[in-house]
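A quick write-up on the structure given underneath.
The values are calculated or read from the model by the stated rules, or taken from the named source; none is laboratory data. Worth saying up front: this structure is predicted, and the values here are computed from it rather than measured. Every residue, glycine among them, receives a Cβ derived from its backbone with ideal geometry; neighbour counts consider all protein chains shown. Remember, those area values only see protein heavy atoms, side chains included, never the ligands or the DNA or RNA. Shrake-Rupley method; radii C 1.70, N 1.55, O 1.52, S 1.80 Å.
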Amino acid sequence: MAELSPPVAALVLAAGGGSRLGGRPKALLPFRGRPLVEHAVRVVREGGCDPVLVVLGAARDQVLGTAELADCTVLANPDWAEGMGGSLRTGLAALPPGCSGVLVSLVDTPGVTPAAVARLLAAHRAGATLAAAGYQGRRGHPVLIGADHFAEAAESARGDAGARALLTNRQAELRLVECGDIAVPDDLDTPADLARWSAG
């Protein structure tokens with residue numbers, strides 16, 4: 001019987017208030033008829049991550065009352081307005097024991113696909129302790145952090161930088177996994193972005 005690989009969790013950061021979208025929380029933006037956070041969860045799950053943790057902040061109660069997140073561990077970041085760093089720390093602190101890594105995904109990147117997630121997981125299982133999706137050689141999302149780096153990731157996550165400091169400090173260990181042929185890295189930040197994605 002084949003030995004099972006340790007699980008790789010997914011951490012979906014979905015706490016933002018959408019200030020450039022008129023204060024509409026990104027988790028609740030409509031995407032293919034459902035809240036955007038559901039799409040983000042489906043992508044990481046279909047890509048092979050389990051368990052899935054979701055960090056909420058802005059309009060948390062409204063998100064919980066609207067989105068279907070029954071199969072996820074939902075976490076609250078009361079300091080969500082201070083930036084993504086707090087959400088990353090919240091998620092890392094809640095990871096169950098035994099995970100060999102965590103894939104960090106942003107709710108506002110709807111062009112990320114399950115295939116891109118699967119490529120990052122494959123790189124991790126082939127030995128990468130830090131990996132990021134690459135788009136024509138440029139680092140993008142999602143990002144995979146191996147268990148050896150959890151403490152440093154939490155320590156360096158400040159303001160809106162998320163895992164950026166860790167990835168910069170550990171550049172020599174970072175594996176860039178090209179995903180430009182199967183995913184789109186664009187953030188959904190403005191009404192024009194929302195209109196473009198809704199039309200697509």
Inset, instruction - Out of the residues in the stretch 89-112 that are within 12 Å of the chain's Cα centre (by Cα) and not aliphatic (A, V, I, L, M), state the one that is surrounded by the most Cβ atoms within 10 Å (Cβ to Cβ). - result: S105
Inset, instruction - Considering only the stretch 17-39, state which residues are at pLDDT 95 or above and open to solvent by 10 Å² or more (accessible area, probe 1.4 Å). - result: E38, H39
Legend entry - Meets criteria (of a type outside the set (F, W, Y) and farther than 25 Å from G83 by Cα) for Q171: no
Inset, instruction - Confirm whether L69 is at pLDDT 90 or above and either part of a loop (DSSP other than H, G, I, E, B) or open to solvent by 10 Å² or more (accessible area, probe 1.4 Å) (or both). - result: yes
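Results for (1) under 14 Å from A27 (Cβ atoms); (2) of a type in the set (A, V, I, L, M); (3) out of contact with any Phe, Trp or Tyr (no Cβ under 9 Å at 6 or more places or on another chain), shown as yes or no for each residue.
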| residue | (1), (2), (3) |
| --- | --- |
| E68 | yes, no, yes |
| W80 | yes, no, yes |
| A94 | no, yes, yes |
| C99 | no, no, no |
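If you take the residues in the stretch 113-152 that are aliphatic (A, V, I, L, M) and over 14 Å from the mean Cα position of the chain (by Cα), which one is modelled with the lowest pLDDT?
Pass one, the stretch 113-152, residues aliphatic (A, V, I, L, M): 115-118, 120-123, 126, 128, 130-133, 143-145, 147, 151.
The next check asks that each one be over 14 Å from the mean Cα position of the chain (by Cα); those that pass are 115, 122-123, 126, 128, 130, 147, 151.
Numbers: A115: 98, A122: 97, A123: 97, A126: 96, A128: 96, L130: 97, A147: 97, A151: 93.
This residue is A151.
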Legend entry - Out of L64, L75, sole residue that is in contact with a Ser or Thr (Cβ under 8 Å, 6 or more places away or on another chain), open to solvent by 10 Å² or more (accessible area, probe 1.4 Å), outside any loop (DSSP other than H, G, I, E, B) and not polar (S, T, N, Q): L75
Legend entry - Residue count, the stretch 40-61 (criterion: open to solvent by less than 70 Å² (accessible area, probe 1.4 Å) and outside any loop (DSSP other than H, G, I, E, B)): 11
Legend entry - Among the candidates G65, G83, residue that is touching a residue at least 60 places away in the same chain (Cβ under 8 Å), out of contact with any strand residue (DSSP E or B) (no Cβ under 8 Å at 6 or more places or on another chain) and not polar (S, T, N, Q): G83
Inset, instruction - Quickly run through the stretch 1-16 and pick out the residues that are farther than 13 Å from S100 by Cα and either at pLDDT 85 or above or under 13 Å from the mean Cα position of the chain (by Cα) (or both). - result: L11, V12, L13, A14, A15, G16
